[in-house]
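Encoded as structure tokens, the structure appears first; notes follow it.
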Amino acid sequence: MTTKRPPTALEKMGLNSPMALALHLPSRYEDETELFTIEDALSGGRFAAVQTQGVVIRNQVLFRPRRQLLVTIEDDTAVLQLRFLNFYPSQQKQMAVGVHVRVRGDVREGFQGPEMVHPTVRAVTPDAPLPRSLTPVYPASAGISQTIIRKAVAQALHEPSLKESLAEFLPAKLLEKLLFSHDWPKLQAAITYLHQPPADADTQALLERTHPAWRRVQFEELLAQQISLKRAHSIRRQRRAPQFEKSKNETESKIVDGLLKALPFKLTGAQEHVWTEIGRDLSNTFPMNRLLQGDVGSGKTVVAALAAARVMDHGFQAAVMAPTEILAEQHYLKMKEWFEPLGIKVAWLSGSLKAKEKRLAQEIIENGTAQLIIGTHALIQETVSFAKLGLAVIDEQHRFGVRQRLEIQQRVGSELFYCHQLMMSATPIPRTLAMTYYADLDVSVIDELPPGRKPIVTKVVKATRRAEVIGGLRDWLSKGLQAYWVCPLIEESEVLQLQTAVESFEQLTVALPDFKIGLVHGRLKSEEKAAVMAAFKANEIQLLVATTVIEVGVDVPNAALMVIEHAERFGYAQIHQLRGRVGRGSADSVCILMYAEPLSMAAKERLQTLRETSDGFVIAERDLSLRGPGELLGAKQSGDAMLRFVDLQRDAWLIELAQQVAERLLADHADLVERHLERWLGSRTEFLKA
Ligand code: ADP
Ligand code: MG
């Protein structure tokens with residue numbers, strides 16, 4: 001019988017097996033392999049930490065200028081001062097006069113000559129041996145010392161079971177070729193090397209994680225990931241989904257044809273192309289899992305509508321889900337406009353509906369009266385059950401949280417039956433990300449804007465020129481055109497954010513008395529929001545003051561000017577999205593980015609890039625290099641959990657290699673992959689599905 005005991009600090013960090021410890025790799029190293037005399041340590045203006053030793057000859061606590069411990073040591077060559085600003089009584093005792101200590105730290109010029117501030121100190125005999133390898137410094141959480149982790153790792157590296165866990169699993173020939181062409185060590189050797197690099201190791205390469213030993217580990221990790229992505233791919237192909245083939249006779253494609261006929265425009269070449277890809281997916285026996293990518297304004301909605309139409313032509317339901325109420329509502333209005341004339345029942349479901357309306361909506365979804373259902377994530381709540389769901393469209397998919405995305409996955413299918421899934425996003429995903437972050441996802445790209453779009457002219461203007469900007473705005477509105485005025489996101493406080501929006505609204509109302517001005521923000525009830533948006537769309541309101549609630553989806557072609565206040569507070573993606581609201585009609589479009597000083601270097605570069613380009617892919621790449629992939633995708637948890645050792649920017653070339661090897665393994669040695677996955681990803685594979 002085992003007794004239950006509280007987890008140790010190591011276990012709390014997840015370091016609960018020899019393998020976990022072996023994979024807990026150092027973040028940096030300290031060089032304790034060399035020992036200098038005090039004289040040598042003091043001379044020569046070293047920039048790195050040095051190690052020296054001596055006998056304590058003085059130990060005193062000073063109170064001026066603040067409480068601190070001063071210890072003086074000496075050897076045959078010189079004396080050295082050690083200074084501790086925070087210290088424990090035990091440290092004071094450890095360095096009692098007469099004790100021999102070995103110290104390591106940076107030598108700096110203090111008030112009374114050279115000194116070390118907060119060196120690491122060990123009491124040792126003068127002839128205590130020096131370590132032969134560099135000393136690892138591990139990522140640690142509070143309350144756990146390096147000594148404890150080092151000891152545990154060193155012990156783990158000697159566990160017999162580790163040999164098994166780190167055994168090579170690649171077929172011998174393939175392995176040999178890989179190691180030879182990249183000069184990589186074997187896996188176990190690589191791990192040992194990273195924990196205990198020899199004194200003459202290339203520390204730069206170790207720190208930058210470009211050392212062959214690191215490469216070997218990174219490759220192994222990517223290989224596991226690519227295998228699991230490819231496996232997810234084949235699992236999906238074994239699942240069943242309803243087949244929605246393109247009909248050959250007209251009565252069976254009534255809704256698709258009806259929609260195409262009713263559209264006031266012709267599809268662009270790019271839209272035609274992605275619609276063909278999606279149509280092909282829908283006719284398969286297995287569920288579609290496709291991301292439709294297209295810059296803001298590229299016309300994704302109509303493609304989603306066509307997919308829904310195909311599904312409805314076959315007598316199934318389609319659902320469209322959006323992350324915010326405003327966006328969902330826009331879809332609802334648009335879909336109603338397109339589909340109701342064709343006799344389709346379009347239903348609306350959001351969290352803000354009254355209980356009775358909600359029940360009614362749920363009822364018609366459940367009994368199949370509702371053919372097309374639009375809503376927020378209220379759609380995936382358990383109280384909602386679809387009569388015959390054939391397609392789920394998820395707009396701005398990355399803006400849903402990881403948990404919500406897992407919930408969606410659970411809702412779209414069971415062992416018996418899966419519905420098709422179409423995700424949409426205006427945030428372009430760089431190729432390296434698409435290859436590594438998403439489980440088995442097909443990607444379609446709309447790489448062409450509808451005709452007649454004018455490029456947006458972006459201007460960067462100091463906030464001190466606000467009066468001038470308002471003057472320009474007056475001229476603009478006088479021409480019968482409309483405009484947006486966007487107030488900044490204030491992360492700390494929604495109340496403060498609202499307040500600045502209200503202030504700007506009042507100021508603009510006074511400055512522009514001849515025009516109707518509306519205000520929309522997150523605190524409004526959804527009916528109120530809808531009313532303001534409808535009035536803006538109908539040109540009853542000329543200027544719309546808004547917080548970032550209008551970030552996505554809003555579509556008013558006559559509004560071609562946007563002023564963004566405190567643009568320096570917005571991220572790349574946000575401004576790109578916001579700016580995408582203009583440039584939809586035939587008028588010249590302008591976006592004015594107002595900024596307040598002082599401007600950080602990063603903000604300066606951001607504004608400059610945004611002025612120079614409106615290419616979503618360029619902007620996404622910049623964003624990626626700045627913020628890292630997790631945040632960009634809104635997949636922070638899942639992304640981070642997936643790759644521990646790989647940096648997608650630095651190690652992009654490795655991804656392709658891993659992909660090739662994964663393909664070969666699955667084709668020729670499918671039996672080998674299972675164990676590899678288990679040891680590398682363990683429970684983390686769940687995240688791949690989100
Ligand atoms: P997004 O991809 O950002 O979701 P939307 O689907 O909202 O873009 O489309 C933006 C605007 O372009 C809408 O007003 C839509 O009606 C219009 N649009 C879409 N496709 C075309 C097209 N082929 N020709 C002209 N206008 C189009
Ligand atoms: Mg959209």
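If the condition is being closer than 22 Å to GLU337 by Cβ and more than 12 Å from ligand 1 (Cβ to nearest atom), then the stretch 263-281 contributes only ILE278.
Among the residues of the stretch 359-377, write down those that are of a type outside the set (Val, Ile, Thr) and touching a helix residue (DSSP H, G or I) at 6+ places or on another chain (Cβ under 8 Å). Before the answer, list the steps.
Initially, the stretch 359-377 is screened for residues of a type outside the set (Val, Ile, Thr), giving 359-363, 366-368, 370-372, 375, 377.
Once the filter is applied, which keeps residues that are of a type outside the set (Val, Ile, Thr) and touching a helix residue (DSSP H, G or I) at 6+ places or on another chain (Cβ under 8 Å), the stretch 359-377 yields ALA370, GLN371, LEU372, GLY375, HIS377.
Residues in the stretch 158-192 that are of a type in the set (Lys, Arg) and either in a helix (DSSP H, G or I) or farther than 21 Å from ALA22 by Cα (or both): LYS163, LYS173, LYS177.
For the stretch 153-167, taking the residues that are of a type in the set (D, E, K, R) and exposed (fewer than 15 other Cβ atoms within 10 Å of the Cβ), the one that is nearest to GLN196 (Cα to Cα) is identified as LYS163.
Just name the residue that is farthest from ligand 1 (Cβ to nearest atom) out of those in the stretch 282-302 that are over 27 Å from SER234 (Cβ atoms) and in a helix (DSSP H, G or I). Ranking the qualifying residues of the stretch 282-302, first place goes to VAL302.
I'd like the full set of residues that are out of contact with any helix residue (DSSP H, G or I) (no Cβ under 8 Å at 6 or more places or on another chain), outside any loop (DSSP other than H, G, I, E, B) and touching a residue at least 60 places away in the same chain (Cβ under 8 Å), limited to the stretch 447-464.
Start the filter on the stretch 447-464 by keeping residues that are out of contact with any helix residue (DSSP H, G or I) (no Cβ under 8 Å at 6 or more places or on another chain), which leaves 449-455, 457, 462-464.
When the remaining residues are screened for being outside any loop (DSSP other than H, G, I, E, B), the result is 457, 462-464.
Matches in the stretch 447-464: VAL457, LYS462, ALA463.
The residues listed here are LEU519, LEU524; of these, the one that is at pLDDT below 85, under 37 Å from the mean Cα position of the chain (by Cα) and of a type in the set (A, V, I, L, M, F, W, C) is LEU524. Against the conditions (1) farther than 23 Å from GLY472 by Cβ; (2) within 16 Å of ligand 1 (Cβ to nearest atom); (3) modelled with pLDDT of 85 or more, ARG664 satisfies every one except (2).
Checked against the criterion of being more than 22 Å from LEU21 (Cα to Cα) and crowded, with 21+ Cβ neighbours inside 10 Å, the stretch 201-222 has no qualifying residue.
Looking only at residues that are over 30 Å from the mean Cα position of the chain (by Cα) and within 14 Å of ligand 1 (Cβ to nearest atom) in the stretch 307-334, which one is modelled with the lowest pLDDT?
Step one: list which residues in the stretch 307-334 are over 30 Å from the mean Cα position of the chain (by Cα), which gives 309-317, 333-334.
Checking which are within 14 Å of ligand 1 (Cβ to nearest atom) leaves us with 333-334.
Values: LEU333: 87, LYS334: 90.
The extreme case among them is LEU333.
For the stretch 285-302, which positions are among the hydrophobic types (A, V, I, L, M, F, W, C) and out of contact with any Gly (no Cβ under 8 Å at 6 or more places or on another chain)? Residues satisfying the conditions are PHE286, MET288, LEU291, LEU292, VAL302.
Looking at the stretch 470-489, can you tell me whether even one residue there is in contact (Cβ under 8 Å) with a residue 60 or more places away in the chain, small (Gly, Ala, Ser) and over 23 Å from ARG584 (Cα atoms)? No.
Among the residues examined, ILE446 qualifies as buried (at least 18 other Cβ atoms within 10 Å of the Cβ), hydrophobic (A, V, I, L, M, F, W, C) and within 20 Å of GLY583 (Cα to Cα).
The lone criterion from (1) among the small types (Gly, Ala, Ser); (2) more than 25 Å from PRO451 (Cα to Cα); (3) at pLDDT 90 or above left unmet by GLY571 is number (3).
Could you tell me whether THR192 is hydroxyl-bearing (Ser, Thr, Tyr) and without any contact (Cβ under 8 Å) to a residue 12 or more places away in the chain? So that I can check it myself, show each step before the final result.
Details: hydroxyl-bearing (Ser, Thr, Tyr): yes; without any contact (Cβ under 8 Å) to a residue 12 or more places away in the chain: no.
For THR192, the condition - hydroxyl-bearing (Ser, Thr, Tyr) and without any contact (Cβ under 8 Å) to a residue 12 or more places away in the chain - is not met.
Please tell me if GLN155 is touching a helix residue (DSSP H, G or I) at 6+ places or on another chain (Cβ under 7 Å) and in a helix (DSSP H, G or I).
Here the answer is no, as GLN155 does not meet what is asked.
Within the stretch 606-620, residues that are touching a residue at least 12 places away in the same chain (Cβ under 8 Å) and not assigned by TED's automatic domain parsing to the domain that holds GLY583 reach partners that are assigned to a helix (DSSP H, G or I) and of a type in the set (Phe, Trp, Tyr) with beta carbons closer than 6 Å, at six or more positions or on different chains, in the pairs ILE619/TYR572.
Residue-wise test of (1) on the phi > 0 side of the Ramachandran plot; (2) touching a residue at least 12 places away in the same chain (Cβ under 8 Å); (3) within 16 Å of ligand 2 (Cβ to nearest atom).
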{"residue": "MET312", "(1), (2), (3)": "no, yes, no"}
{"residue": "LYS334", "(1), (2), (3)": "no, yes, yes"}
{"residue": "LEU349", "(1), (2), (3)": "no, yes, no"}
{"residue": "GLU357", "(1), (2), (3)": "no, no, no"}
{"residue": "ILE364", "(1), (2), (3)": "no, yes, no"}
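Taking the stretch 21-43 as the range and being in a loop (DSSP other than H, G, I, E, B) and touching a residue at least 24 places away in the same chain (Cβ under 8 Å) as the test, the residues that pass are LEU23, HIS24, LEU25, PRO26, SER27, ASP31, GLU32, THR33, GLU34, LEU35, THR37. Could you check, for the stretch 390-403, whether at least one of its residues is away from ligand 1 (no atom under 16 Å from the Cβ), in a loop (DSSP other than H, G, I, E, B) and at pLDDT below 90? Yes, some residue in the stretch 390-403 is away from ligand 1 (no atom under 16 Å from the Cβ), in a loop (DSSP other than H, G, I, E, B) and at pLDDT below 90. One residue alone among THR125, THR77 is surrounded by 12 or more Cβ atoms within 10 Å (Cβ to Cβ), in a loop (DSSP other than H, G, I, E, B), free of Cβ contacts under 8 Å to residues at least 60 places away in the same chain and not hydrophobic (A, V, I, L, M, F, W, C), and that residue is THR77.
Restricting the stretch 335-361 to residues that are within 19 Å of ASP313 (Cβ to Cβ) and either crowded, with 18+ Cβ neighbours inside 10 Å or among the hydroxyl-bearing types (Ser, Thr, Tyr) (or both), the residue that is nearest to ligand 1 (Cβ to nearest atom) is TRP338. Tell me yes or no: at least one residue of the stretch 243-253 is hydrophobic (A, V, I, L, M, F, W, C) and farther than 25 Å from ALA652 by Cα. Among the residues of the stretch 243-253, at least one is hydrophobic (A, V, I, L, M, F, W, C) and farther than 25 Å from ALA652 by Cα, which makes the answer yes.
The values are calculated or read from the model by the stated rules, or taken from the named source; none is laboratory data. What you see is a predicted model, and the numbers here were worked out from it, not measured in a lab. Here the Cβ is made from the backbone with ideal geometry for all residues, glycine too, and neighbour counts use every protein chain on show.
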